[in-house]
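Trainee: One structure, pasted below without further comment.
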Amino acid sequence: MTTTRLSLFNSPLLLGFDQFERTLDRIAKNSAEGYPPYNIEQIGDDGLRITLAVAGFTSEDLSVQIEDNQLVIRGRQTDDKSRIYIHRGIAARQFQRSFVLADGIEVVGCSLDNGLLNIDLTRPMPEPKVRTIKIEQPGAAAPGAAARTIDLAADRNGG
């Protein structure tokens, strides 16, 4: 039995949005994991801050990278073999948390303070773009240019 998923991007009015659909699928898979907890806050008109709770991790245990259009934060602690735990309630597990970044968003800083990893981002305000497309007149071909007909059915069939 195959399952068909309803997509917001199946409309014939939305062209070239298949990358967004793949991104949404990737986000849905990554959001199932809830560790480490995080906040995203607005800072100023064009700034964002992602804060992850990474208690017990040092800056050497953490990695912050941009891979394609994703911000990827990884944490990996090495077990201290010299410690003998009577009870171990603080997990020292590795993690990976990813955030998909829109075009133009840049990471401008990263700091670790009191168990909180802060990643500062800036998102430039886009300027509205208006472009006028020239409408060609049929039959107004350049002088001396011959009219040309294209047979699309022949092109599809290799001929």
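Trainee: Can you tell me how many residues within region 65-85 are modelled with pLDDT of 90 or more and either farther than 26 Å from residue 45 by Cβ or aromatic (Phe, Trp, Tyr) (or both)?
Mentor: The total comes to 6.
Trainee: Got a number for residues in region 88-134 being basic (Lys, Arg) and surrounded by 13 or more Cβ atoms within 10 Å (Cβ to Cβ)?
Mentor: Count: 2.
Trainee: Can you confirm whether region 126-135 contains a residue that is in a strand (DSSP E or B) and either under 30 Å from residue 58 (Cα atoms) or among the polar types (S, T, N, Q) (or both)?
Mentor: No, the conditions are met nowhere in region 126-135.
Trainee: What residue, among those in region 111-141 that are farther than 21 Å from residue 45 by Cβ and hydroxyl-bearing (Ser, Thr, Tyr), is nearest to the chain's Cα centre (by Cα)?
Mentor: That would be 111.
Trainee: Shifting gears a bit: From 14, 62, which residue is surrounded by 10 or more Cβ atoms within 10 Å (Cβ to Cβ), among the aliphatic types (A, V, I, L, M) and modelled with pLDDT under 95?
Mentor: Exactly one of 14, 62 is surrounded by 10 or more Cβ atoms within 10 Å (Cβ to Cβ), among the aliphatic types (A, V, I, L, M) and modelled with pLDDT under 95, namely 14.
Trainee: Next question. Evaluate the following for residue 41: is it under 13 Å from residue 121 (Cβ atoms) and loosely packed, with under 13 Cβ neighbours inside 10 Å?
Mentor: yes
Trainee: Here is a further query. Do you know which of the residues in region 44-59 that are more than 30 Å from residue 126 (Cβ to Cβ) and touching a strand residue (DSSP E or B) at 6+ places or on another chain (Cβ under 8 Å) is surrounded by the most Cβ atoms within 10 Å (Cβ to Cβ)?
Mentor: Ranking the qualifying residues of region 44-59, first place goes to 54.
Trainee: Restricting attention to region 46-61, report how many residues are under 14 Å from residue 77 (Cβ atoms) and not charged (D, E, K, R).
Mentor: Counting residues in region 46-61 that are under 14 Å from residue 77 (Cβ atoms) and not charged (D, E, K, R) gives 6.
Trainee: Moving on to the next point. As an exercise: evaluate residue 145 against (1) at pLDDT 60 or above; (2) over 26 Å from the mean Cα position of the chain (by Cα); (3) not hydroxyl-bearing (Ser, Thr, Tyr) and give the number of the one condition it does not meet.
Mentor: Answer for residue 145: the failing condition is (1).
Trainee: Determine whether residue 24 is modelled with pLDDT of 80 or more, surrounded by 12 or more Cβ atoms within 10 Å (Cβ to Cβ) and out of contact with any helix residue (DSSP H, G or I) (no Cβ under 8 Å at 6 or more places or on another chain).
Mentor: In short, no.
The values are calculated or read from the model by the stated rules, or taken from the named source; none is laboratory data. All figures in this text were calculated on a predicted structure; none of them were measured in a lab. Here Cβ is always computed from backbone atoms with ideal geometry, including for glycine, and neighbour counts include all displayed protein chains.
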